[in-house]
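Here's the structure, in structure tokens; my notes come after.
The values are calculated or read from the model by the stated rules, or taken from the named source; none is laboratory data. Please read these numbers as outputs of a predicted model, since none were measured by experiment. Cβ placement follows ideal geometry from the backbone for every residue including glycine, while neighbour counts extend to all protein chains displayed.
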Amino acid sequence: MIDVTNIAGVDVRDRVVIGSESQRARQIGLLALIGAFGGMILLVGHTHDVVEWYALALAALLVARGILLRRPVTAGHAAAATVLAATGLTTHLLSYQLPGDVLIACAGLALTWPVPSRRDPAALARVWPLIEATHDDPLAPFAMQSLKSYYFSADGSAAIAYCARLGLAVVSGDPIGQRARFPQLATEFAAMCRSRGWRIVVLGCGERCLGLWRDRAAIGQSLRPVPIGRDVVIDVRRFTMTGRKYRNLRQAVQRTHNAGITTEVVAEQQLDETLADELAEVLYTSHRGAHVQRGFSMILDHALEGRYPGVRLIIARDSQGRVQGFQRYASSGGGTDMTLDVPWRRPGAPNGIDERLSVDMIEDCKSSGGQRLSLAFGAFPELFDNKHRGLIEGVYYVLIHLGHSLIKLESLYRYLRKFHAFGDRRYVLLSLRHLPVALVVLLSLEFMPQRRQLRVRERNPLS
């Protein structure tokens with residue numbers, strides 16, 4: 001049975017030609033389709049003595065692999081395969097043997113190419129109430145990020161945010177909504193993935209949800225957890241900067257007070273055009289890469305556009321009233337939880353701006369009845385904290401520094417360490433045999449740049 005709650009508008013190209021819950025029916029349908037293509041190629045090849053056997057064999061192997069992976073064949077797949085096969089035969093007839101063989105083999109690849117997921121911006125109205133119902137999960141607000149698709153439970157009380165590329169469905173964080181629905185939701189999601197020929201990768205899985213994805217009988221594949229870092233969550237009701245271990249934090253905050261820095265908190269959806277333009281100037285001048293936006297699992301996009309509900313900004317101004325920096329936070333759990341999205345600061349801003357903004361946001365969260373504030377995510381804290389690294393750890397450390405231009409993990413670690421709030425681990429769960437493709441997909445999701453187009457739009461009515 002098809003769950004209509006998980007189907008967005010289907011493009012004509014995505015209408016399934018071959019797809020069934022019955023493996024036998026799928027095999028019969030695919031073999032019939034393969035037979036039609038193969039017969040056409042063999043007929044023309046026999047008549048004109050052009051097609052090499054290995055091109056047909058490779059095409060058949062690629063299609064057979066798609067059958068084993070249960071990938072659906074859509075109208076778009078069939079059209080692409082037809083065009084490639086016809087072009088390959090034509091190329092052969094023109095005496096271009098190798099290009100023709102490649103095109104014919106590619107026809108087999110195209111016939112069962114993995115379908116991607118499609119974004120569903122209209123689902124935000126359903127996703128936001130689930131985020132509001134999710135407590136003690138720092139990554140819950142990031143389910144709104146626009147790259148994501150959603151799989152909802154039958155009653156709509158829980159959902160999984162994900163994105164499928166190259167045959168991998170990358171689950172972002174933990175499910176949102178009613179926790180009691182998570183086990184059944186994960187099982188149903190896995191069944192949906194199998195029906196589309198997707199294999200599952202979980203990015204940013206929390207310790208409490210590891211069990212959802214480790215049951216091979218329910219998920220249909222074996223996923224291995226790889227730790228990637230820890231949440232940094234502050235209990236705002238107990239937070240204090242007293243004691244020697246907070247000395248560096250106190251000094252950083254005090255420097256901003258001495259410099260005359262003041263702060264204010266505003267809702268992103270309530271920004272007026274003047275303030276939005278002022279903040280956009282700081283954003284664009286904060287670093288060279290600010291004209292593009294990146295990220296998937298632990299970041300929101302569309303800053304300053306007012307697209308997402310529950311987003312608050314804390315702004316730092318100098319004694320002349322000029323904005324020197326700001327931080328963006330997203331809420332969940334009906335306001336009980338706040339999570340840092342991204343900080344921005346003007347070049348030359350006084351030292352300690354980031355620490356001051358975080359500390360003042362903690363106080364604002366406390367005064368408004370919040371319970372927890374997450375300062376983003378600490379990636380590989382044990383690696384940075386270890387001064388006696390072994391060979392493998394040393395290699396990881398060098399690789400992290402090579403990617404410093406994209407993400408400054410060690411600088412972030414030094415900032416987060418001042419708060420002494422490293423908590424539960426986060427994991428990537430994947431099958432090691434999918435590791436090469438998983439690396440390509442995960443890196444493309446997290447680091448592929450998208451042009452930032454800041455402008456003040458009509459504010460989203462969701463609140």
Starting from region 160-186, keep only residues that are touching a residue at least 24 places away in the same chain (Cβ under 8 Å) and closer than 18 Å to residue 427 by Cα, then list their pairs with residues that are among the acidic types (Asp, Glu) and crowded, with 23+ Cβ neighbours inside 10 Å whose Cβ atoms are within a distance under 7 Å, requiring at least 6 positions of separation or different chains.
174/137
Pair list, Cβ < 8 Å and 6+ apart or interchain, from region 117-136 residues that are within 10 Å of residue 159 (Cβ to Cβ) and in a helix (DSSP H, G or I) to residues that are of a type in the set (Val, Ile, Thr) and modelled with pLDDT of 95 or more
127/176; 130/176; 131/176
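I'd like to check something: does region 287-296 contain any residue that is farther than 29 Å from residue 203 by Cβ and surrounded by 13 or more Cβ atoms within 10 Å (Cβ to Cβ)?
Filtering region 287-296 for residues farther than 29 Å from residue 203 by Cβ gives none.
For region 287-296, residues farther than 29 Å from residue 203 by Cβ and surrounded by 13 or more Cβ atoms within 10 Å (Cβ to Cβ): absent.
Considering each of 283, 304, 313, 300 in turn, give the residue that is in contact (Cβ under 8 Å) with a residue 12 or more places away in the chain and in a helix (DSSP H, G or I).
Numbers: 304 fails: in a helix (DSSP H, G or I); 313 fails: in a helix (DSSP H, G or I); 300 fails: in a helix (DSSP H, G or I).
Residue meeting the stated conditions: 283.
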Quick one: residue 246 ticks every box in (1) part of a loop (DSSP other than H, G, I, E, B); (2) more than 19 Å from the chain's Cα centre (by Cα) bar one, so which box is it?
(1)
Just to verify a result, which residue in region 319-335, among those that are in contact (Cβ under 8 Å) with a residue 40 or more places away in the chain and surrounded by fewer than 18 Cβ atoms within 10 Å (Cβ to Cβ), is nearest to residue 236 (Cα to Cα)?
334
Note down all Cβ pairs under 8 Å where the first residue falls in region 235-264 and is farther than 20 Å from residue 326 by Cβ, the second is of a type in the set (S, T, N, Q) and modelled with pLDDT of 95 or more, and they're at least six residues apart or on different chains.
235/371; 237/371
Could you check region 193-206 and list, in sequence order, the residues that are in contact with a strand residue (DSSP E or B) (Cβ under 6 Å, 6 or more places away or on another chain) and either free of Cβ contacts under 8 Å to residues at least 12 places away in the same chain or over 18 Å from residue 141 (Cα atoms) (or both)?
193, 198, 199, 200, 201
Among the numbered criteria (1) over 26 Å from residue 143 (Cα atoms); (2) at pLDDT below 95; (3) in a helix (DSSP H, G or I), which single criterion is violated by residue 289?
(1)
Residues satisfying the stated conditions in region 169-184, i.e. surrounded by 24 or more Cβ atoms within 10 Å (Cβ to Cβ) and not small (Gly, Ala, Ser):
170, 171, 174, 175, 176
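Just checking, which of 157, 146 is surrounded by fewer than 19 Cβ atoms within 10 Å (Cβ to Cβ) and within 12 Å of the chain's Cα centre (by Cα)? Walk me through how you get there before you give the answer.
Working: 157 fails: within 12 Å of the chain's Cα centre (by Cα).
None of the others qualify; the one that does is 146.
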Count of residues meeting criterion [of a type in the set (S, T, N, Q) and modelled with pLDDT of 85 or more] in region 430-463:
2
What do you reckon, is residue 196 surrounded by fewer than 23 Cβ atoms within 10 Å (Cβ to Cβ), under 14 Å from residue 162 (Cβ atoms) and in contact with a Pro (Cβ under 7 Å, 6 or more places away or on another chain)?
yes
Tell me which residues, restricted to region 171-191, are closer than 15 Å to residue 217 by Cα and under 20 Å from the mean Cα position of the chain (by Cα).
185, 186, 189, 190
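Condition check ((1) under 30 Å from residue 153 (Cβ atoms); (2) of a type in the set (Gly, Ala, Ser); (3) touching a Lys or Arg at 6+ places or on another chain (Cβ under 6 Å)) across all residues:
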{"position": "193", "(1), (2), (3)": "yes, no, no"}
{"position": "200", "(1), (2), (3)": "yes, no, no"}
{"position": "205", "(1), (2), (3)": "yes, no, no"}
{"position": "210", "(1), (2), (3)": "yes, no, no"}
{"position": "214", "(1), (2), (3)": "yes, no, no"}
{"position": "220", "(1), (2), (3)": "yes, yes, yes"}
{"position": "242", "(1), (2), (3)": "no, no, no"}
{"position": "257", "(1), (2), (3)": "no, no, no"}
{"position": "262", "(1), (2), (3)": "no, no, yes"}
Of (1) under 20 Å from residue 298 (Cα atoms); (2) at pLDDT below 95, residue 176 satisfies every one except (2)
